[in-house]
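Enquirer: One structure follows; several queries about it will come next.
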Amino acid sequence: MRKSRIVLAGAHSGVGKTSISAGLMAALTKKGLAVQPYKVGPDYIDPAFHTFVTGRQSRNLDSWMLSEATVRSLFLAQAPAPTEGLSVVEGVMGLFDGHREAGLGSTAHVAQVLSAPVVLVINGAALARSAAALVHGYNTFQRGFRLAGVIVNLVSGPSHYQLLKEYIEKEAGVPCFGYLEKNPELALESRHLGLVPSVEVADLEIRLNLLARSASATLDLEGLLTLAASAPDMEEPSAQYRPLPGPPVRLGLARDRAFNFYYQDNLDLLTQMGAELVPFSPLSDPHLPPDLDGLYIGGGFPEVFAAELAANESLRAEIREALERDLPAYAECGGLMYLGQRIVDQDGHKHWMVGFFPHQSSLTPRLQNFGYVTVTFDRDTPLGPAGTVIRAHEFHHSRLEGEALDSRLPDHVATIRKSAARSWTGGLTRRNVLAAYPHLHFHANPALASHFLNQCRQFRARRT
């Protein structure tokens, strides 16, 4: 199966991968090409920018949480034919940064899984000949791995780029495919979990149009298209999952500015298995959608919108009442925070939440338990029985505390292991609800999605 594809990797975090990726995607889209975006690793924010500029849902490719065969299958399920366009994969962190296990999950590993050419994005500010040493090091670091090209970001102007290009191509032996100049108007703003999400950027279309014009002017688009077309054939994808028997399950999906961290392939898998996703907004909807068989409340930034969430008293009360009636629910990270008693923001202000679990979530200045983890259920949950195992990822700036100094959290539901030497307990379950910090990719263990939908079907049978 012939698929044009290219991977944009970074020398390190903060080098401007997302700006380069979004600019390239936007420029190629404006040329009339179908550009299918992907993001390496467990990221939710960057894919939203990809989706905005291309009009196609960006997908996550994670070779630590998912098998190599699954990564290839998820890629091929969406990649356009070469006659229509190409796939652009944005990397994560630095090129070789991944899990301790031989670099699994790294951009380099995903590129090898996809047999895709890799273009390295470097920060050219304050560099001259040293840029060649930098590129040479990345090009020769790993046996059998070679760079296909370089894009230089944050140069001072065309003459600076030409100087760097000459050094890189002559002394590192890697071709250059253009540059972007340093321009504050091109920068995407950040906060505690990375870039500010696209749904919160008021002038996003203006910024991305400017990025597209800059990329069209200073990136070698034709050269990059030729490079992408040089990628070898890939095998056909495996068969898709079949729907579970029975009528569709009406699954309420919390989705707005506060809750928008979802892997698109998770949502697609639930749909393929027979879920009808019914979006609602915890920020603005006064009531839940009618006749729901379950709830899925993903991650996001409930702490940023805590005052608005607290103000929506009618919905909070309705959710609590529905969960007390055993409505199955899965709440992930931000969803866990929302189902507690309160969120305590960075200024110490307390905001009332749903109140289903007796905890409050307090913001912390540092990331808590950041990174890849393996989750083992120690008891039965709506997503699976005791003993269920899934690889996952944690990324949050909050911790759970008892409702009051003399109160205790309910017993945790899972053992979460980061390494052989470090593990902790986590997750909460009550009635038919599971809430936990780890972000799950259902394709890492599709039985979890199937089990959850079966719980929803059983609830509907009892209800009707």
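The values are calculated or read from the model by the stated rules, or taken from the named source; none is laboratory data. Just so it is clear, the structure is predicted and the values come from calculations on it, not from any experiment. Positions of Cβ are generated from backbone atoms using ideal geometry, with glycine treated the same way; all protein chains shown enter the neighbour counts. To get the accessible areas, we keep the full protein, side chains included, count just its heavy atoms, and leave off ligands, DNA and RNA. Shrake-Rupley method; radii C 1.70, N 1.55, O 1.52, S 1.80 Å.
Enquirer: Which residues, counting only those in region 226-236, are within 26 Å of the chain's Cα centre (by Cα) and open to solvent by 20 Å² or more (accessible area, probe 1.4 Å)?
Expert: Glu235, Glu236 - these are the residues of region 226-236 that are within 26 Å of the chain's Cα centre (by Cα) and open to solvent by 20 Å² or more (accessible area, probe 1.4 Å).
Enquirer: List every residue pair whose Cβ atoms sit under 9 Å apart, with the two residues 6 or more apart in sequence or on different chains, where the first one lies in region 85-98 and is among the aromatic types (Phe, Trp, Tyr) and the second, anywhere, is surrounded by fewer than 24 Cβ atoms within 10 Å (Cβ to Cβ) and assigned to a loop (DSSP other than H, G, I, E, B).
Expert: So the pair list comes out as Phe96/Gly103; Phe96/Phe141; Phe96/Gln142; Phe96/Phe145.
Enquirer: Which of the strands (runs of 3 or more DSSP E) contained wholly in region 345-464 include at least 3 residues that are over 24 Å from Arg325 (Cβ atoms) and β-branched (Val, Ile, Thr)? Break it down stepwise before answering.
Expert: Numbers: elements: 350-352, 359-377, 389-402, 414-419, 422-426, 428-430, 433-436.
By residue number, 359-377.
Enquirer: Here is a follow-up. Would it be correct to say that Arg56 is modelled with pLDDT of 95 or more, assigned to a helix (DSSP H, G or I) and of a type in the set (Lys, Arg)?
Expert: Taking the combined requirement at face value, the residue does not satisfy it.
Enquirer: Restricting region 378-390 to residues that are within 16 Å of Tyr437 (Cα to Cα) and at pLDDT 95 or above, which is nearest to the chain's Cα centre (by Cα)?
Expert: Looking at the filtered set, the residue picked out is Ile390.
Enquirer: Within 21 Å of Ser106 (Cα to Cα) and either among the polar types (S, T, N, Q) or at pLDDT below 95 (or both), is that true of Val15?
Expert: Values: within 21 Å of Ser106 (Cα to Cα): yes; either among the polar types (S, T, N, Q) or at pLDDT below 95 (or both): yes.
The answer is yes for Val15.
Enquirer: Here's another thing I want to ask about it. Can you run down the residue pairs with Cβ atoms below 7 Å, 6 or more apart or on separate chains, where the first is in region 210-222 and closer than 17 Å to Val150 by Cβ and part of a strand (DSSP E or B) and the partner is among the charged types (D, E, K, R) and open to solvent by less than 40 Å² (accessible area, probe 1.4 Å)?
Expert: Pairs found: none.
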